[in-house]
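Here is the structure we will look at, set down as structure tokens.
The numbers here are math on the coordinates, done by the rules we state, and not lab data. In this text, all values refer to a predicted model and were calculated from it rather than measured experimentally. Counting neighbours? That spans all protein chains shown, and the Cβs are built from the backbone with ideal geometry, glycine included.
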Amino acid sequence: MENKVQKIKGSRRGLTFSFVSQETDFIPGTHYRYAVYPDEGRVVILPSTDGGNTVSKKKVGLQMKSLIDLRSKEIRELTAKADRMEIEFCDGYIEVSMIAKAENQICAVIGKIAVAPQLAKAAGCEAAEFVQSKLPRIHPWTDERVHKEIPDVIRTISLFSGAGMLDYAFAKDPCFEIVYAAEYAHDAVTTYRGNIGDHIHECDIRSLHGSDFPKADLMIGGPPCQPFSAANRHDSARGDNHPEGDMFKHYLRLIRESGVKAFLIENVPALLSDKGGYYLDLIRHMLPDFTTKSKLITDCDVGGYTKRKRAIIIGSRIGEPMIPELFFKPARTVGDALRNVDHSWPNAEDITVSSETVKRKISIIPEGGNWRDLPEEYWTKSVHSNMYRRLNRNKPSVAIANWRKYLLSPPKWDDSGQWDRILSVSEAAALQGLDKHFRFYGSLNAMQQMVANGVTAATARFCKSILSRLFFTARPTLSI
């Protein structure tokens with residue numbers, strides 16, 4: 001099929017365009033989300049099964065058209081730079097080029113917007129040539145080109161593996177093979193084995209040496225965050241003074257001893273700024289042959305359901321790591337995460353039973369509210385903003401810490417009273433982005449702490465994508 005080009009003017013109001021649909025196949029109301037990469041001038045529009053924007057229908061004469069209407073701030077900032085835009089209807093996908101004139105009046109493409117083939121198909125576009133489409137199958141947090149073109153698996157060591165919430169994304173990707181994992185907590189090791197595999201070792205990483213590991217390309221992990229956490233407000237409980245304060249140095253030592261080509265550190269935001277950047281300087285000192293990049297990311301910006309902020313540090317001996325800017329719009333919400341959680345989930349019945357007084361307090365809290373919504377006689381000694389918080393179904397969740405300690409409750413889906421309780425383990429796991437196939441094992445307290453300590457699924461996928469791209473770019477020059 002010959003490509004067709006439609007020209008439209010640049011707009012400060014955003015991007016609105018329509019395209020012809022097959023009326024017999026048209027499914028009005030198909031949902032989509034989009035990811036904005038500001039540093040690349042790129043937007044990717046993808047189908048969504050859990051809400052988001054809606055593909056509208058537009059009737060022009062006797063013809064039915066699908067309508068995409070994007071007006072967010074990020075989209076407006078991109079389209080406002082364009083003198084004109086060209087919408088190209090290709091075989092199985094739609095591409096919008098934003099074109100601007102330079103001072104010498106030479107036109108240049110300054111950005112691209114691509115509508116994924118699955119969404120075009122769902123909206124009723126001709127789909128006969130989708131398989132042959134030249135559109136790279138770009139996902140907001142992973143690029144399928146990586147999966148098809150890396151000839152070798154990326155052999156991975158995981159330390160501080162916890163229950164496996166970071167490793168889960170890597171284990172499901174055939175381009176990665178986790179050849180060794182280590183974790184100290186027994187219940188977490190049991191959970192890891194039940195969901196990922198028997199390659200995990202129950203041990204203190206202080207006892208490990210590079211010679212203990214099989215040959216690997218990559219090391220991933222999150223050293224205990226307590227030494228850097230804002231919860232430890234006194235210097236006597238931070239950094240090297242914390243009982244686990246030496247873990248970070250041991251992690252760097254094992255990166256060096258293992259001979260891996262790249263590493264990932266995931267941790268609390270304070271890691272990047274604590275002690276005037278001491279830990280970043282320590283990485284450069286102990287691993288001088290690695291190029292490192294660091295960034296603060298928010299879970300809902302990379303496709304997650306929470307506002308959890310995390311620091312990621314990626315080091316490489318095979319090229320410069322690239323950590324893209326990414327804003328996932330519209331952000332996923334509590335309702336998106338919990339709508340399908342039911343009794344078929346493995347930890348649905350794992351809930352701390354509250355006293356009648358606590359239940360009565362929770363029943364008073366409206367969605368999005370907290371302890372301030374209680375009558376004064378019920379006020380708690382804690383003034384933490386999340387104390388007695390009830391989640392709002394229409395917004396991303398607060399960061400999931402151990403919710404038993406501050407009594408985080410689900411949305412009030414009806415007036416039956418069954419929602420006047422704290423979250424179940426399965427609800428908290430869903431908010432962290434896990435699916436119903438992931439089961440937690442151990443005591444209730446241990447399961448709650450495992451979920452709270454774990455890396456969100458969206459953050460894990462985002463990090464995996466960066467590492468995939470790193471190895472994919474370097475692979476032709478590697479000698480393995």
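Where does each of 429-440, 328-339 land if you order them by average Cβ count within 10 Å, highest first? Mind showing how you got there, number by number?
On the way: 429-440: 22.7, 328-339: 20.8.
Listed from highest to lowest mean packing, they are 429-440, 328-339.
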* **Which of Ser426, Ser363, Ser294, Ser207 has the fewest Cβ neighbours within 10 Å, and the rest in rising order** => Ser207, Ser363, Ser294, Ser426
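Which of the peptides 153-159, 176-182, 254-260 is most tightly packed, and how do the rest follow, going by the mean number of other Cβ atoms within 10 Å of each residue?
Working: 153-159: 23.3, 176-182: 21.3, 254-260: 19.7.
Sorting 153-159, 176-182, 254-260 by mean packing, highest first, produces 153-159, 176-182, 254-260.
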* Ranked Ser468, Ser354, criterion: other C-beta atoms within 10 Å, fewest first -> Ser354, Ser468
* Asked: Residue by residue, what Karplus-based ³J(HN,Hα) values in Hz, rounded to whole numbers, does the stretch 248-255 have, using 6.51, -1.76 and 1.60 with θ = phi - 60° and x for Gly and Pro?
  -> 4, 5, 5, 4, 5, 4, 6, 4
* Output ³J(HN,Hα) for the stretch 329-336: one whole-Hz value per residue in order, computed from phi by the Karplus curve 6.51 cos²θ - 1.76 cosθ + 1.60 with θ = phi - 60°, and x for Gly and Pro. => 10, x, 4, 5, 10, 4, x, 4
* Structure fact -> The pairs in Lys293/Lys395; Lys293/Lys464; Lys172/Lys295; Lys329/Lys412; Lys261/Lys464; Lys59/Lys329 lying past 22 Å Cα-Cα in this model are Lys293/Lys395; Lys172/Lys295; Lys329/Lys412; Lys59/Lys329
* Counting only residues 5 or more places away or on other chains, whose amide H sits under 5 Å from the amide H of His31 once H atoms are built in the peptide plane? -> Ser48, Val55
* To do: Work out from phi, with θ = phi - 60° and the Karplus expression 6.51 cos²θ - 1.76 cosθ + 1.60, the ³J(HN,Hα) of each residue of the stretch 465-473, listed in order in whole Hz, and give x for Gly and Pro.
  => 4, 4, 5, 4, 4, 4, 6, 5, 5
